[in-house]
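The values are calculated or read from the model by the stated rules, or taken from the named source; none is laboratory data. The model shown is predicted, which means the values in this text are computed figures rather than measured ones. Please note: Cβ atoms are built from the backbone with ideal geometry, for glycine as well, and neighbour counts cover all protein chains shown. Quick note on the areas: whole protein, heavy atoms, side chains included, nothing else; ligands and nucleic acids left out. Shrake-Rupley method; radii C 1.70, N 1.55, O 1.52, S 1.80 Å.
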Amino acid sequence: MFDTIRQFSDRVLGRGDAAITVPVMDGALKPNRALDDAEVVATLPDIDDLATDGRAFFASAGPVLYVLEAGRMVEVQRFDANITALAVRSANLLAVALAGKRIVLLSVARKGATSLTEIAVLDRLGDVPLNSVNALSFEADDSVLFTDGSTRHDPDDWCRDLMEKGQTGRVGRWHVGTEGGSGSAELLASRLQHAYGVLPQGRAASVLYSESWRHRVAQAGAQAVLADLPGYPSRMAPAARGGFWLTCFVCRTQLVEFVLREDAYRTRMLESVDPRYWVAPSLRSGTSYLEPLQGAGVKQMGVLKPWAPPRSYGLVLHVDAQGHTTESLHSQVDGQHHGITAVVEFGGALYAASRGSGRLLRVPLTGPGAMQ
C-alpha cells in the first residue's frame, strides 16, 4: 500500500524513480582522455570479453577466441556461435558462453600451440533454459558464477530489453560435475533489471553482480554496494591494489530517462522505428545523420563538443573495497573508444575491450606512461 502511494506521489511530483535527473560526472568521475589516449593493441571487430589467469590473456570477438602472444592476438579456436562471455582459471580451465544459450567448460593445454578440450556443458538454470549469458567468473576449480541478462532477449538485443524495462535477469552458480557430468546450477538472484557482470568476493559465497537498468552493483542476498551510477554497469574484474574495475558499457542521459517514463511514446517507437534510430543508448555513434540528438549534441562549425549528451561513451571505474569510486577512465562524446564491455589487469597494465570501435586498448598502470 505505502509503495503504491509513494509511486503515485513520485509520478505527480517528478521525484524518486520518476525523476529524469542523471548524476553529474565530477570528483573521481571527472572526464579525461585516458581511454582515447590508450595504446591500441589490436583491431578486432566485435571484440567483447577479456579474461586472464595472470599467465595467459584471452579475448573474444564474435565466434573467435584469441590469445595474446608476443604482443599479437593469435586465433586459438573458432566456435559454432558467438562467444558472449569468457573466464579463465589458473588450473588450465576456460569457460565460454556460446550465443548466451550454453556455458562450456574447457581444459587448456599450452604445449606449443594452445588447444582446448571440452569437459562439461550447462544449458539451463532450474527449469528455465539459459538465454543471454553475458558474464562468467570462476569462484573455484569446480564452481563458475554467471549472469543471464534476460530470459526474453538475446545478448545483442540488450537495447530492446532496456526499452521494454526488462526484469528477467538472473545470477547463478554452476557446480561443475567432478566425474564428467554437467553438475548442477544454483539460482543466486532473479527478477533483475538486466544482470550483466559477476565477481566473487573474498568471503566465502559472497558474490557481486551488476544490475544495469537499475544503475547499480549489488551483493547477492544483500543490499547495493554501488548505486545511482551515471552509466549502465556491466562486467567487473579484480584490481591488484584492492577493490575492482567496473565497465559502464553505455551512459545515461536525461532524454533517455524521459523516454523510459513515456510508455505510449516508447511503445510506438519500438513498433514503428528502425532500432538503429531509437532514442536509446548505443555502443557507437556518429555514423548516420538520422541518429537522435539532444540540443547540446548538435555540431557547431562541424565540431561535436566533448561534454555533449552521450549517445555512446567509454567509461571504466575503479571501486575500492568500501564501495567508493576512486578513479575513472573516459572516452568522451567526441572520442572513438566507446562501448567498453570488459577490462582486466595483465602485466602491469589495464586492458579494455572497446566494442564500439572494435579495438583492444592498453593503459599502463606502472612504469613510464602510467595512468596518473
- prompt: Which value does Rg/Rh take for the chain over its C-alpha atoms, Rh per Kirkwood?
  reply: 0.96
- request: Would you tally the net charge around residue 54, using a Cβ to Cβ cut-off of less than 11 Å, leaving residue 54 out, and scoring K and R as +1, D and E as -1?
  value: 0
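Taking 0.36 nm per residue of separation and subtracting the Cα-Cα distance, what length does fully extending residue 276 through residue 6 add? Walk me through the numbers on the way to the answer.
Numbers: separation 270, 0.36 × 270 = 97.20 nm, distance 3.56 nm.
Stretched fully, the residue 276-residue 6 segment lengthens by 93.6 nm.
Leaving ligands and nucleic acids out of the surface, order 76, 207 by accessible area at 1.4 Å, largest first. Let's see the in-between values first.
Details: 76 35, 207 0 Å².
So the residues, ranked largest to smallest area, are 76, 207.
Please report the carbon-and-sulfur percent of the accessible area for segment 160-295; probe 1.4 Å, protein heavy atoms only, DNA, RNA and ligands left out.
On the way: 2980 of 6230 Å².
Solvent-exposed carbon and sulfur of segment 160-295 make up 48 percent of the total.
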- prompt: Separation of segment 279-295 and segment 3-48 by C-alpha centroid, Å?
  reply: 16
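Efficiency by 1/(1 + (r/R0)^6): what FRET value for residue 263 and residue 110, r their Cβ-Cβ distance, R0 = 56 Å, to the nearest 0.05? Intermediate results must be reported in sequence, preceding the final value.
On the way: r = 53 Å, r/R0 = 0.95.
After rounding, the FRET efficiency stands at 0.55.
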- request: Just name one of 136, 288, 187: the one whose Cα is farthest towards the positive end of the charge dipole of the chain (beta-carbon charges, Lys/Arg +1, Asp/Glu -1).
  value: 288
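Of 110, 191, 72, 214, which has the most accessible area and how do the rest follow, probe 1.4 Å? Intermediate results must be reported in sequence, preceding the final value.
Details: 110 80, 191 175, 72 150, 214 110 Å².
Ranking 110, 191, 72, 214 by accessible area, largest first, yields 191, 72, 214, 110.
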field: Dipole axis of the chain (+1 Lys, Arg; -1 Asp, Glu on Cβ), positive-most option in 351, 175, 106
entry: 351
task: Assign unit charges at the C-beta atoms only (+1 for Lys and Arg, -1 for Asp and Glu), then state the dipole size of segment 179-240 relative to its Cα centre in Debye, rounded to the nearest 20.
output: 180
- line: Using a 1.4 Å probe on heavy atoms of the protein chains only, the accessible area for residue 15 in Å², nearest 10, reads 120
task: Quote the FRET efficiency, to the nearest 0.05, computed for residue 127 versus residue 305 with a Förster distance R0 of 41 Å and r equal to the Cβ-Cβ distance.
output: 0.20
message: If I ignore ligands, DNA and RNA and count only protein heavy atoms, how much of residue 366 is accessible to a 1.4 Å probe, in Å² to the nearest 10?
response: 100
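Rounded to the nearest whole Å², what accessible area per residue is found for the chain with the 1.4 Å probe?
Values: 17220 Å² over 372 residues.
Computed with neighbouring chains in place, this is 46 Å² per residue.
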- prompt: What part of the accessible area of segment 1-159, given as a whole %, is carbon or sulfur when the probe is 1.4 angstrom?
  reply: 50
- prompt: What figure in square angstrom, to the nearest 10, would you give for the accessible area of residue 359 with a 1.4 Å probe?
  reply: 70
message: Accessible area of segment 321-363 with a 1.4 Å probe: how many percent of it is carbon plus sulfur?
response: 39
- prompt: lysines within cross-link reach of residue 30: Cα-Cα under 24 Å, excluding same-chain residues under 8 positions apart?
  reply: 299, 305
Given charges at beta-carbon only (K, R positive; D, E negative), |dipole| of the chain in Debye: 500
query: If you place +1 on the Cβ of every Lys and Arg, -1 on the Cβ of every Asp and Glu, and leave all else neutral, what size is the dipole of segment 1-157 about its Cα centre, to the nearest 20 Debye?
result: 140
